Amino acid sequence: MSFSAYKYNPKWIFLGILLFLFWPVFAADVHTSSIQDDSALRVSIQDTWLTETPSAVVRNRPFVRNLPGGVSVQVRAEARNNEISVILARERNGSYPGWAQGSWIYTRNINTGASLRIRMFMRSDPQMYVQWRPLGNDKSQIDLVLYDAYIVRGLPIGIPFERLLTMPVEEVLGAAGSRFPRRYFDPDPRLYRNIIAFVSKMRAALPAITYEDDGAIDETGSYVLIQTLQRQSAPVGINCSGFAKWVVDGILRPVTKRRLSVRSLKEPVTPRISSLAANFEDRDSLFGLDWTRNLALEAAKVFRSPAYAILENVEVRQETFAALIDRSRGTAAIKSYPGFLLNAGFSMEGLRPLLYTLAINEPGNIYLASVNQERNTVPPQRQHYHVAVLVPYFNEYGNFQILVFESAEETNFAGFLRRHPLGMANLVRIPVEGAFEP
């Protein structure tokens, strides 16, 4: 599969340069332990905004208050879908969007006044927040949501919900202790310097390669056809699988001084699960799976040890969340997430939060994705039909990024998801130390 090249517009390039120059102004998030406390402000508005009847709260006029540390907060009420929310919105770039770091939202049923939830944005991202909900008369429960995935859901704490209205957030999180994985809100950009250096070098090398179907570069540096191992005739190039090899060769060659064998990467990593699977070998149904697994095993031998190079270590199998927010029908509903499926991986709808958690928990890795889908055959068969390189990391300002490289081009994550809406991605780890010599 090939993708069209980027089209450059001088106007957008100029605007991009301006954004880069002034980005530190926009990315002012601090470590979550340094978020200025607004509990005194909440105490001061408790009777008129937090416990007053919804019909009275909705008539309150917004106002702005400066916290002792200088942070500006707007207090306002918004009513929607039978709910009323009191929003303590932190200032960001001259406005009060409601999701800037430290913003706090208390939501009730507009008809009964019953408490529904408190939500706080620990980073300036509307898709990342911690949430508290009532749990009986004397307890509350905590949710942690990242990109519509429940990393934590229903974690109980022994604090009545009404007390949360005026308690400092640090005290509330302290009640959860180590059960609350705070690390997901506090990435350390220094841990991704090798990734950033690698990406810069790979981008510089990309213009030297082109896409051609069934192509790869073998251990001698020659362009060959993957299926037959014969040398290509002009024009020469590499396909999506050959590109993944080109990337991994570039990572390993500074250490090994050699390229990998195309023949060896085609070999099955594990015995076929049934004779039925063997009957479909002519369709190359598992080719991408074997290819990416072999690349990861070779990388593990070089950067870890031969003993470490086993499938269970290089393949992503851990499940960091079990539920997603489903917005497909216009409302937010909670649905279960199936997690890892052997020889298939993870469904695309959970890939963004999965890569976020991997970037936090395993800084220094990139991932090869073998994209697959169950085909409507008799009998049904899962076909691995595409390979891509996924690079999740945090930039120097702590902002989460997912870069996508596939078929000799850099594309983008949103487009990658759109092209495979019903697909799954089997992920394997590739350690990166910054050097790159394709």
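In table form, for the structure just shown:
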item: Whole-Hz couplings from phi, Karplus 6.51/-1.76/1.60, listed for the range 324-330; x for Gly and Pro; result: 10, 8, 9, 10, 5, 9, x
item: Whole-Å distance, taken between Cα centres, linking the range 415-429 and the range 187-263; result: 20
item: HN-Hα J in Hz across the range 171-180 - Karplus 6.51, -1.76, 1.60, θ = phi - 60°, x for Gly and Pro; result: 5, 5, 5, x, 5, 7, x, 6, 5, 9
item: Relative contact order [Cα under 8 Å, 6+ residues apart], the chain, whole percent; result: 14
item: Positive-end residue, the range 32-185 charge dipole about Cα centroid, Cβ charges, pick of SER178, TRP99, GLY113; result: TRP99
item: Nearest-20 debye value, the chain charge dipole, Cβ charges on Lys, Arg, Asp, Glu; result: 460
item: All-pairs Cα distance distribution in the range 32-185, expressed in whole percent, bin size 10 Å; result: 11, 42, 38, 9, 0
item: Residue-span extension gain [ALA332 to ARG231] - 0.36 nm each, minus C-alpha spacing; result: 31.0 nm
item: From phi via Karplus (6.51, -1.76, 1.60), per-residue ³J(HN,Hα) for the range 195-202 in Hz, x at Gly/Pro; result: 4, 5, 5, 4, 4, 4, 5, 5
item: Gain upon complete extension [LYS257, ASN60; 0.36 nm per residue less C-alpha separation]; result: 63.9 nm
item: Percentage relative contact order, the range 189-431, counting C-alpha pairs under 8 Å, at least six apart; result: 23
item: Label assignment, Rg and Dmax of the Cα atoms in Å derived from the structure, set (i) 19.8, 60; (ii) 25.3, 79; (iii) 23.0, 80; result: (ii)
item: Relative packing of 387-393, 412-418, which averages over residues the other C-beta atoms within 10 Å, highest first; result: 387-393, 412-418
item: Dipole magnitude (debye, nearest 20) for the range 91-225, charges at Cβ of Lys, Arg, Asp, Glu; result: 780
item: Value at 222 nm in deg cm²/dmol, rounded to 500, when DSSP H runs of n ≥ 4 in the chain each add -39,500 (n - 2.57); result: -7500 deg cm²/dmol
item: Charge dipole of the chain about the Cα centre (unit charges at C-beta), most positive-ward option of THR411, VAL75, TYR397; result: VAL75
item: Unit charges at the beta carbon, dipole of the chain: most positive-side option, VAL378, VAL130, LEU225; result: VAL130
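Computed from the coordinates by the stated procedures, all read-outs in this text should not be read as laboratory data. Nothing here was measured: the structure is a model prediction, and the numbers come from that model. Cβ coordinates were reconstructed from backbone atoms using ideal geometry, including for glycine residues, and neighbour counts include every protein chain displayed.
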